[in-house]
Amino acid sequence: MALLTLVRDLLQTPAVATALWIGSIVAVVSGCAGVFTVVRGQSFAGHALGDVGSTGAAAAYLTAVQPLYGFLGIGLLGGLAIDRLGNRARERDVATGIVLSLTMGLSALLLFLITEQTSATGGPLSILFGSIFTVAPAVTLPVELFSLLALGLLAVLYRPLVFASLSPETARARGVRVGLVGTLFMVALVIAVEESSLVAGALLSTALLIGPAAAAVNWTRQIGHTLALSAFLGVAAVVLGIVLSYESYFWPPLHRGWPVSFFIVMLVLVEYIASRLWRRRREATA
Amino acid sequence: MKGLELPRADQTILDLEGVRVELGGKVVLRDIDVALRRGELVGVIGPNGAGKSTLLKVILGFIRPSAGAVRFAQGQRAGRGAIGYVPQSFSPDPDLPLRARDLVALGIDGDRWGFSLGGARRRAAVDEALAWVDALSYAEQPVGRLSGGELQRLLVAQALIAEPDTLLLDEPLANLDLRSQDEIVGLVGRVAHERGVTVMLVTHDMNPILGVMDRLLYLAGGRAALGTPDEVVRAEVLGALYGHHVDVLRVHGRILVVGAAEVESLTCEA
Ligand SMILES: Nc1ncnc2c1ncn2[C@@H]1O[C@H](COP(=O)(O)OP(=O)(O)OP(=O)(O)O)[C@@H](O)[C@H]1O
Ligand SMILES: [Mg+2]
């Protein structure tokens, strides 16, 4: 109850209200895409896309473009490159590694230029660790639209995606266009990762993508339930993380407010550990 | 289920003409001329690496032959769901949040976009398919926690529920105990002979399928011979496949092919 009153108070502050809304949408998209990422064994690609996108965000920062478009633009290029270069799981990891190192090299250069040019560390910091409180109201609409696109893609892909993730060969024999399904899923994954990079930072977007999904996988045995629970766990971590971050302004010793990414990641970790413990108990009693 | 059409044994439904397959610079299959008839059950046998799995993948269209052609008969449904396939190996992630019944249900409409709405009829169809392979007892279990034989039976159910015209089974008996072998063989035999589905079944042991097998496809040295077991398992025929002299010995009711790189044991006759 105290939490609810607190959230209601927070909603009075426009910046926080925006953060809660965008954070929740992004958590739902990441939570759903994350389940398929885990099931398909694409966690490495999912993580890499965050770093890849940061190159675009850095370039966007330098050219005064909205970072969301930088994240999405380069993320999409990287994601499609990973998808084209690698067909099988191992090839895909190699392809991911190549795309990752290429863009990280660029990223290092761009971040260096930003600090040189502006003598500010705020840009690189917000790219790497997220900027949920400073997300301009201008990105609310694009985030909503892209999220809708990603969720729509996942809904349309649902059956063939489950089939192709489970067993590509029988899916293909049954008439599933496994390659097309994989590419379209990559688009949804890119949107999920780049949006959560904007919220939680490029380095921590993996936490939102993989954490709630991996926890939900431990708690459920039907993929529909897994998706719902994963989205819920993601939203819970983001909302609670934002609340705690806001509260931490009043905490000693600094009284400056702790980064929201820290809280989100810690909460996701708690969710995951809880799911592991729950699963271990169930298996012990089963 | 499809209406009960009597199989016309002479009707060719699938024709492989001069098929040659090269993988990684190596000739895996050469001069494969094989015509399969509607509603027959063909046992596929041959040593490891002979190209049995490759042959099935050529028919599925996964591998393109470097020469020759795979032709389906006129009027034969091509594409989606026309061929049921059970691959040689399948090991889903242990944590996969998917139940045995979900895996079978994908055979109904797993290729369609969007969600399926479920419903009682769908559930009954899945239950029926699970019953065919005696899998009802583990219908609600997560697939990642099932044994190899349990999974194989589910894959057979998944392939059959799509009502295919052709069924390609890559060593479906390999992980099964004797009772399950008999059940799957009986089921597949009925599917072939009562519903007119053409079945190719890869196995290393002819014994379990002798009762239902119409013809035998023997693969060795990249070549194939097709006929009744008596026509195929002869020193001249197999010698031509292996490309050198082999002996076919019948010892204590077992048929042994000697002179191949290793001794192939085909069957023990009851
Ligand atoms: N992608 C590939 N690239 C190169 N060679 C391949 C490839 N796939 C299969 N081969 C080779 O083709 C040959 C036939 O393989 P295949 O899997 O069809 O044999 P098989 O008869 O099914 O054997 P088994 O009884 O062991 O299942 C083998 O020598 C294998 O090494
Ligand atoms: Mg094989």
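What to note about this one:
- For the stretch A:31-85, filtered to residues that are within 14 Å of chain B (Cβ to nearest Cβ) and not in a helix (DSSP H, G or I), the residue that is surrounded by the fewest Cβ atoms within 10 Å (Cβ to Cβ) is A:41.
- Taking the numbered list (1) within 8 Å of chain A (Cβ to nearest Cβ); (2) within 16 Å of ligand 1 (Cβ to nearest atom); (3) modelled with pLDDT of 95 or more in turn, residue B:52 passes all entries but (1).
- Only one of B:187, B:154, B:178 that is outside the structural domain of residue B:48 (by TED's automatic domain parsing) and over 12 Å from the mean Cα position of the chain (by Cα): B:154
- Checklist (1) over 27 Å from residue B:62 (Cα atoms); (2) buried (at least 20 other Cβ atoms within 10 Å of the Cβ); (3) more than 7 Å from chain A (Cβ to nearest Cβ) applied to residue B:97, failing item: (3)
- Restricting A:191, A:210 to residues that are over 19 Å from residue B:115 (Cβ atoms), in a helix (DSSP H, G or I) and either within 14 Å of chain B (Cβ to nearest Cβ) or without any contact (Cβ under 8 Å) to a residue 40 or more places away in the chain (or both) narrows the list to A:210.
- The sole residue among B:129, B:192, B:125, B:162 that is within 27 Å of residue B:95 (Cα to Cα) and in contact (Cβ under 8 Å) with a residue 40 or more places away in the chain is B:162.
- Any hit, the stretch B:78-93, residues being farther than 26 Å from residue B:190 by Cα and more than 16 Å from ligand 1 (Cβ to nearest atom): yes
- Selection from the stretch B:32-43 of residues that are closer than 21 Å to residue B:243 by Cα and either basic (Lys, Arg) or within 16 Å of ligand 2 (Cβ to nearest atom) (or both): B:32
- Of all the numbered requirements in (1) part of a helix (DSSP H, G or I); (2) without any contact (Cβ under 8 Å) to a residue 12 or more places away in the chain, residue A:175 misses one, and that requirement is (1).
- Flag if residue A:165 is of a type in the set (S, T, N, Q) and within 14 Å of chain B (Cβ to nearest Cβ): yes
- Taking the criterion of being of a type outside the set (A, V, I, L, M, F, W, C) and free of Cβ contacts under 8 Å to residues at least 12 places away in the same chain, the only residue of the stretch A:35-68 that qualifies is A:63.
- Just one of (1) within 12 Å of ligand 1 (Cβ to nearest atom); (2) small (Gly, Ala, Ser); (3) under 14 Å from the mean Cα position of the chain (by Cα) fails for residue B:43. It is (1).
- Selection within the stretch B:148-195: residues that are in contact with a Pro (Cβ under 8 Å, 6 or more places away or on another chain) and polar (S, T, N, Q). The member of this set that is farthest from ligand 1 (Cβ to nearest atom) is B:181.
- Residue within the stretch B:24-38 that is within 14 Å of chain A (Cβ to nearest Cβ), within 28 Å of residue B:175 (Cα to Cα), surrounded by 14 or more Cβ atoms within 10 Å (Cβ to Cβ) and within 13 Å of ligand 1 (Cβ to nearest atom) present: no
- In the stretch B:112-148, the residues that are surrounded by 19 or more Cβ atoms within 10 Å (Cβ to Cβ), within 12 Å of another protein chain (Cβ to nearest Cβ) and in contact with a helix residue (DSSP H, G or I) (Cβ under 6 Å, 6 or more places away or on another chain): B:143
- Residue within the stretch A:60-74 that is farther than 20 Å from residue A:136 by Cα and modelled with pLDDT of 90 or more present: yes
- Residue in the stretch B:153-167 that is more than 11 Å from every other protein chain (Cβ to nearest Cβ), surrounded by 24 or more Cβ atoms within 10 Å (Cβ to Cβ) and within 16 Å of ligand 2 (Cβ to nearest atom) present: no
Condition check ((1) hydrophobic (A, V, I, L, M, F, W, C); (2) in a helix (DSSP H, G or I)) across all residues:
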{"site": "A:221", "(1), (2)": "no, no"}
{"site": "A:225", "(1), (2)": "no, yes"}
{"site": "A:229", "(1), (2)": "yes, yes"}
{"site": "A:241", "(1), (2)": "no, yes"}
{"site": "A:247", "(1), (2)": "no, yes"}
{"site": "A:255", "(1), (2)": "no, no"}
{"site": "A:261", "(1), (2)": "no, yes"}
{"site": "A:271", "(1), (2)": "no, yes"}
{"site": "A:276", "(1), (2)": "no, yes"}
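- Considering B:68, B:46, the condition of being of a type outside the set (Val, Ile, Thr), touching a strand residue (DSSP E or B) at 6+ places or on another chain (Cβ under 9 Å), within 16 Å of ligand 2 (Cβ to nearest atom) and more than 14 Å from chain A (Cβ to nearest Cβ) is satisfied by B:46 alone.
- Just one residue in the set A:161, A:154, A:180 is assigned to a helix (DSSP H, G or I) and under 18 Å from the mean Cα position of the chain (by Cα); that residue is A:154.
- Under the condition of being more than 12 Å from residue B:201 (Cα to Cα), of a type in the set (D, E, K, R) and within 16 Å of ligand 2 (Cβ to nearest atom), the residues counted in the stretch B:49-65 number 1.
The values are calculated or read from the model by the stated rules, or taken from the named source; none is laboratory data. Keep in mind that what you see is a predicted model, and the values were worked out from it rather than measured. Methodologically, a virtual Cβ is constructed for each residue, glycine included, from the backbone with ideal geometry; neighbour enumeration extends over all protein chains shown.
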